1. I'd like to check something: does the range 17-34 contain any residue that is within 8 Å of the chain's Cα centre (by Cα) and either at pLDDT below 90 or surrounded by fewer than 11 Cβ atoms within 10 Å (Cβ to Cβ) (or both)?
2. Kindly list, by first and then second residue, each pair from a residue in the range 35-57 that is in a helix (DSSP H, G or I) to a residue that is basic (Lys, Arg) and at pLDDT 90 or above, limited to pairs with Cβ atoms under 6 Å and residues at least 6 apart or on different chains.
3. I want to confirm something. Restricting to the range 35-53 and keeping residues that are modelled with pLDDT of 90 or more and closer than 13 Å to PHE14 by Cα, which single residue is surrounded by the most Cβ atoms within 10 Å (Cβ to Cβ)?
4. Take the range 5-16 and flag every residue that is surrounded by 14 or more Cβ atoms within 10 Å (Cβ to Cβ) and of a type outside the set (Gly, Ala, Ser).
Amino acid sequence: MFAIFRGDVEARQFIAFWLDGGRALAGMIWDDNDAIQDLVRAGARVDTSALSDTETPLGSLVGASP
């Protein structure tokens, strides 16, 4: 298991994701969790580069293949 951070960790403006086998198992943010919950519930493998990229909409990662 490992973590991917999306955003500015030093400024404490980020989302943290925990992955195992390329699948997002958990995510943490202090505001809107809906997109994170959808991604985790989908159980799909995600591209870690896209997951850490703030320009990639989280919703676009939900449709990835399991």
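The values are calculated or read from the model by the stated rules, or taken from the named source; none is laboratory data. Note that the structure is predicted; figures quoted are calculated from it, not measured. Here Cβ is always computed from backbone atoms with ideal geometry, including for glycine, and neighbour counts include all displayed protein chains.
1. No, there is no match, as no residue in the range 17-34 is within 8 Å of the chain's Cα centre (by Cα) and either at pLDDT below 90 or surrounded by fewer than 11 Cβ atoms within 10 Å (Cβ to Cβ) (or both).
2. SER52/ARG6
3. LEU51
4. Correct list: ARG6, PHE14, ILE15.
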